[in-house]
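Novice: Supplied in structure tokens, the structure appears directly below.
The values are calculated or read from the model by the stated rules, or taken from the named source; none is laboratory data. What you are looking at is a predicted structure, and each value in this text was computed from that prediction instead of being measured. A quick note on method: Cβ atoms are made from the backbone with ideal geometry, for glycine too, and the neighbour counts reach across all protein chains shown.
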Amino acid sequence: MPRLVSHPDEVIVLKRRFGQGAAKIDRYIALDGYAAAQKAIAQGKDAMPGWIIDTMKASGLRGRGGAGFPTGMKWSFVPKTSAKPKYVLVNGDESEPGTCKDHMLFREDPHAVIEGTIIAGLAIGAKTGFIYLRGEYRTLLNIMEHAVADAYARGFLGKNIFGSGLGFDIITQTGAGAYEVGEESALMESLEGKRGVPRIRPPFPAVVGLYGGPTIINNAETIANVPHILLMGGEAYCQLGSERNGGTRLFSISGHVERPGVYELPMGYPLRKAIYEVAGGILGGKELKAVVPGGASCPVLRADEIDIGLDFDQLAKCGSMLGSGGIVVLDETVSIVEFALRTIKFYQHESCGWCIPCREGTDWIKKTLTRVYEGGGAKKDIETVQYVAENMMGRTFCPFGDAAAMPTLGFVKKFRKEFEDYIEGKKAGTPLMTEEHILVGAGH
Amino acid sequence: MSTVTKSIFTPELAAYFDRLVTVYPLKRSALIPMLLYSQDEVGYVSEAVIQEIAKRLDLFDLDVRSVLSYYSMLRTKPAGKYNVQVCTNISCMLRGGYEILDHCKRRLGIEHKQTTADGMFSLEEVECIGDCCSAPAMQVNYEFHDELTPQKVDEILDEYAAEDRK
């Protein structure tokens with residue numbers, strides 16, 4: 001079980017109930033639980049949806065899954081009236097390598113996810129919400145299912161929630177192992193009992209989503225923020241963060257740091273401080289080589305590029321992404337060629353195969369990088385990798401193709417010399433994989 | 001009412017499935033949970049499991065097979081009683097994930113996706129399991145074990161073996 005960590009620089013919103021037994025409903029209620037849903041209902045049936053959406057817009061909250069789309073705006077796209085039922089779908093298929101924040105949320109504060117789902121439902125006029133957890137999170141799904149049952153027993157879910165006359169149901173769902181299902185349209189396919197392949201957009205899920213009905217799909221962390229925002233007010237939440245990046249975020253800091261962990265930091269917090277102060281610096285006092293700032297799909301930053309604030313816009317400006325907030329720290333001993341190979345091996349394994357540029361591209365990049373890594377690379381291999389990656393970008397139904405191509409391009413561009421050295425027979429760093437590891441196992 | 005009169009599952013699981021197919025707007029949504037929960041009980045997704053699930057959901061066997069082949073946790077052959085799944089993805093790799101995997105191979109005397117002769121343990125190298133901040137990590141069945149060292153792995157595997165003898 002991931003351990004609870006803390007640091008004085010943390011700004012605590014989401015982690016407020018961590019380590020306090022809030023999975024038990026009485027404890028959650030004692031810690032202001034379910035007060036936000038009741039506050040929303042107290043606005044009156046007519047005013048409530050607008051009030052929730054306005055508060056969410058004011059909060060500046062942007063999607064915590066990776067894309068960073070403004071949550072309030074996403075909700076406002078759902079048509080007011082619809083012939084088909086509307087749905088809320090909570091994405092707890094946390095699979096981005098380097099990310100384990102939703103894991104902590106489900107374990108430490110499951111009712112916050114439930115309450116956020118109820119509020120999202122009230123905002124768009126949905127009667128049903130789904131909370132989908134990846135199959136590997138069975139122990140966490142059990143916690144969620146207990147919490148849902150407790151919420152039904154108290155009348156917080158069901159036909160007449162909080163005595164309001166409004167109905168709302170939550171259905172929990174397990175996945176069965178597939179990174180691609182974390183993509184919103186593949187997630188809907190999976191929930192409909194199909195292979196997790198993406199759908200073309202438009203139509204967007206807010207108009208035609210789950211079972212053909214208007215659907216909002218939000219990451220579990222995004223949803224867990226909602227009750228806090230309603231209680232503290234949109235503006236107050238927004239002010240915690242940086243410009244156009246409201247609030248705080250759960251950052252999973254892993255890899256070569258002294259104190260890895262899930263830390264809640266304000267949006268815009270300096271990356272250098274996150275590594276050297278919050279996470280305690282580089283493991284064993286070694287030198288920093290590189291950072292993957294937002295999960296495996298985000299282009300790498302060199303050690304001289306970490307004087308930057310952790311928000312969506314600042315990371316985008318320097319050619320990377322904040323992604324899912326998974327900060328992976330690499331010390332001086334890491335071979336970037338090896339790290340790039342392990343990354344593409346993952347994407348090649350997980351590509352759902354629906355779009356040819358992604359299916360073939362990830363395979364060719366893996367094959368080419370394997371050759372470079374093993375010392376049989378040709379000079380043109382670097383260009384081949386770049387060419388293939390560039391031609392995957394924007395040519396697939398879903399962002400997976402980009403997610404595989406972007407980190408590859410980042411490694412090659414930022415550490416080109418290292419790739420050239422490998423081709424000339426000069427290896428760098430301390431190898432972590434053997435030939436056998438490359439040829440068998442995960443990624444095959 | 002179940003469409004299946006003679007279920008291959010325990011009465012508890014059969015009753016759970018009877019209810020599960022009614023909770024969704026479309027009953028096909030029960031397919032992936034049913035496959036995984038069947039596997040938990042039977043040990044793998046057998047032909048009989050495929051046929052019963054297809055019948056319960058009014059699907060062709062082929063529909064079930066098509067979905068089954070997509071999801072990496074689903075298997076069509078038995079695994080060990082304790083399925084040891086070692087993560088070697090980036091965060092775990094940096095903290096010794098491959099050492100842990102190799103240690104498991106030596107200790108259990110098996111390779112990736114193999115099972116010990118006594119059927120007790122199977123081993124799998126897996127992609128990120130979402131325990132990155134306590135890497136290296138593994139799961140045994142659904143339990144997380146992390147901040148692993150070879151010695152800690154030995155203790156964990158000893159505990160499972162002892163649990164089995166009880």
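Novice: Just the residues that are over 18 Å from the mean Cα position of the chain (by Cα), farther than 18 Å from residue A:76 by Cβ and within 14 Å of chain B (Cβ to nearest Cβ), please, taken from region A:96-128.
Specialist: Scanning region A:96-128 gives A:127, A:128.
Novice: What number goes with the only condition from (1) surrounded by fewer than 18 Cβ atoms within 10 Å (Cβ to Cβ); (2) touching a Lys or Arg at 6+ places or on another chain (Cβ under 8 Å); (3) assigned to a loop (DSSP other than H, G, I, E, B) that residue B:164 does not pass?
Specialist: Condition not satisfied by residue B:164: (3).
Novice: State all residues of region A:285-341 that are of a type in the set (Gly, Ala, Ser) and without any contact (Cβ under 8 Å) to a residue 12 or more places away in the chain; if no residue qualifies, say none.
Specialist: Within region A:285-341, A:285, A:316 qualify.
Novice: Right, here's the next one. Please state which one of A:84, A:80, A:74, A:39 is outside any loop (DSSP other than H, G, I, E, B), charged (D, E, K, R) and under 18 Å from residue A:216 (Cα atoms).
Specialist: Result of the check over A:84, A:80, A:74, A:39: A:74.
Novice: If you go through region A:246-256 one residue at a time, do you hit one that is surrounded by 21 or more Cβ atoms within 10 Å (Cβ to Cβ), within 14 Å of another protein chain (Cβ to nearest Cβ) and not in a strand (DSSP E or B)?
Specialist: yes
Novice: With respect to residue A:234, determine if the residue is at pLDDT 95 or above, more than 18 Å from the chain's Cα centre (by Cα), in the same structural domain as residue A:219 (by TED's automatic domain parsing) and within 26 Å of residue A:222 (Cα to Cα).
Specialist: yes
Novice: Moving on. Look through B:59, B:36, B:74 and report the one residue that is within 30 Å of residue A:295 (Cβ to Cβ), modelled with pLDDT of 95 or more and in a loop (DSSP other than H, G, I, E, B).
Specialist: When all the criteria are applied, what remains is B:74.
Quick grid of which residues meet (1) away from chain A (no Cβ under 12 Å); (2) touching a strand residue (DSSP E or B) at 6+ places or on another chain (Cβ under 7 Å):
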site: B:68; (1), (2): no, no
site: B:83; (1), (2): no, yes
site: B:93; (1), (2): no, no
site: B:98; (1), (2): no, no
site: B:117; (1), (2): yes, no
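Novice: To continue, here is another question. Taking region A:83-107 on its own, how many of its residues are buried (at least 24 other Cβ atoms within 10 Å of the Cβ) and over 19 Å from residue A:175 (Cα atoms)?
Specialist: Going through region A:83-107 one residue at a time, the tally reaches 1.
Novice: Same structure again: Looking at region B:120-140, can you tell me whether even one residue there is among the acidic types (Asp, Glu) and either assigned by TED's automatic domain parsing to the domain that holds residue B:45 or surrounded by fewer than 18 Cβ atoms within 10 Å (Cβ to Cβ) (or both)?
Specialist: no
Novice: Now a separate question. Being in a loop (DSSP other than H, G, I, E, B), acidic (Asp, Glu) and either under 27 Å from residue A:333 (Cβ atoms) or touching a Ser or Thr at 6+ places or on another chain (Cβ under 7 Å) (or both) is true for just one of B:99, B:147. Which residue is that?
Specialist: B:147
Novice: Limited to region A:149-188, what total is found for residues that are under 23 Å from the mean Cα position of the chain (by Cα) and either aromatic (Phe, Trp, Tyr) or in a helix (DSSP H, G or I) (or both)?
Specialist: Of the residues in that region, 9 qualify.
Novice: A further question follows. If the requirement is being more than 8 Å from chain A (Cβ to nearest Cβ), under 28 Å from residue A:296 (Cβ atoms) and at pLDDT 95 or above, which of these qualifies: B:108, B:123?
Specialist: On inspection, the qualifying residue turns out to be B:123.
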